[in-house]
Amino acid sequence: MRKPTAGIAAALSFFLTTAALPAAFEASVKNEKGAPVADAVVSLVPSTGPAPAFEGESFAVMDQKGMEFVPKVLPVRTGTRVRFPNSDNILHHVYSFSSPKPFELPLYKGKTVDPVLFDKPGTVVLGCNIHDWMLGYILIVDTPYFSKTGGDGLAILRDVPPGEYKAYLWHYGLKDLKKMEAVPVKVIEAGNRTLELKVRLYPKRITGRMPQTHGGTGY
C-alpha cells in the first residue's frame with residue numbers, strides 16, 4: 001500500500017483470545033504516531049451467508065448535552081430504535097438528510113419525542129437546525145459483531161463464532177463516509193492471530209464543536 005502523503009494513518013490490529021468459544025476480539029486503532037484513535041467502529045461480517053437473524057427489539061440513545069450530540073458516534077445494528085432525548089435546557093431541532101434514514105425532529109427539549117427506527121444499513125449524519133456546529137454520526141451495520149473504540153483506541157468484539165469474516169473499519173475522518181475499509185479475517189477456536197490494516201483518515205474536516213465565540217445561549 002502506498003504511504004499516505006496527508007491525513008492520519010491508522011493501524012488496526014485484531015487479537016484473538018485463546019480462552020473459550022465463542023471468541024472475543026480486541027481491536028486497537030492507532031494513528032501514524034502511535035496515538036490511540038477514538039470513535040472508530042470495527043465490525044465483523046460473515047464472508048459466506050448472512051449474519052444471525054435479528055430477534056426482538058433493540059434500543060439505543062443519542063443524547064444532546066452542552067449543545068453536542070452524546071455520543072458523537074453511535075454504532076447500532078439494523079432494526080434498532082434510537083431515542084434522542086434533549087438534556088439541555090434549550091430547544092434543539094434534530095435532522096438528517098442521509099439516505100439510510102432521512103428524518104426530522106422539530107424543536108423540542110426533554111424526552112418527549114418518539115424513538116426513530118434505523119432499518120437500513122449505512123451512515124447517518126445528524127445535525128441541529130439551530131446550532132450548526134452540532135454533528136453526530138450513527139453507523140447502522142448488518143451484524144451483531146461490532147464495537148467502538150474508546151479514548152484508549154481499543155474496541156472489544158465479543159461472542160464471535162468461529163468462521164470466516166470480513167473485518168470493517170469506519171471513522172468519520174474517512175474521505176468517504178459511506179465506505180468502510182475491509183479486510184478478510186478467519187476466526188479459529190484457539191491460537192493468536194494479529195491482523196493489521198492501515199487506513200487513511202483526513203484531518204478534522206468538521207470538528208462539530210461549539211465555537212469559542214458562542215455565549216452558550218440558545219432557543
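The values are calculated or read from the model by the stated rules, or taken from the named source; none is laboratory data. This one's a predicted model, so the numbers in the text were calculated from it and none came from an experiment. Every residue, glycine among them, receives a Cβ derived from its backbone with ideal geometry; neighbour counts consider all protein chains shown.
Summary table
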quantity	calculated
Cβ-Cβ under 7 Å pairs, at least 6 apart or on other chains, the range 51-73 side free of Cβ contacts under 8 Å to residues at least 60 places away in the same chain, far side among the acidic types (Asp, Glu) and in a loop (DSSP other than H, G, I, E, B)	Lys65/Asp88
Pick from the range 50-60, criterion surrounded by 14 or more Cβ atoms within 10 Å (Cβ to Cβ) and under 17 Å from the mean Cα position of the chain (by Cα), ranking: nearest to Leu135 (Cα to Cα)	Ala60
Where Ser28 falls short, out of the listed (1) of a type in the set (S, T, N, Q); (2) at pLDDT 85 or above; (3) surrounded by 14 or more Cβ atoms within 10 Å (Cβ to Cβ)	(2)
Candidates Gly136, Gly150, Gly163 - the one that is within 14 Å of the chain's Cα centre (by Cα) and assigned by TED's automatic domain parsing to the domain that holds Asp39	Gly150
Count - residues of the range 102-128 that are in a loop (DSSP other than H, G, I, E, B), of a type in the set (Ser, Thr, Tyr) and within 15 Å of Leu177 (Cβ to Cβ)	0
Selection status of Tyr168, touching a Lys or Arg at 6+ places or on another chain (Cβ under 8 Å) and hydroxyl-bearing (Ser, Thr, Tyr)	no
Residue that is surrounded by the most Cβ atoms within 10 Å (Cβ to Cβ), among those in the range 31-49 that are in a loop (DSSP other than H, G, I, E, B) and among the β-branched types (Val, Ile, Thr)	Val37
Only one of Pro211, Pro203, Pro144 that is outside any strand (DSSP E or B) and modelled with pLDDT of 90 or more	Pro144
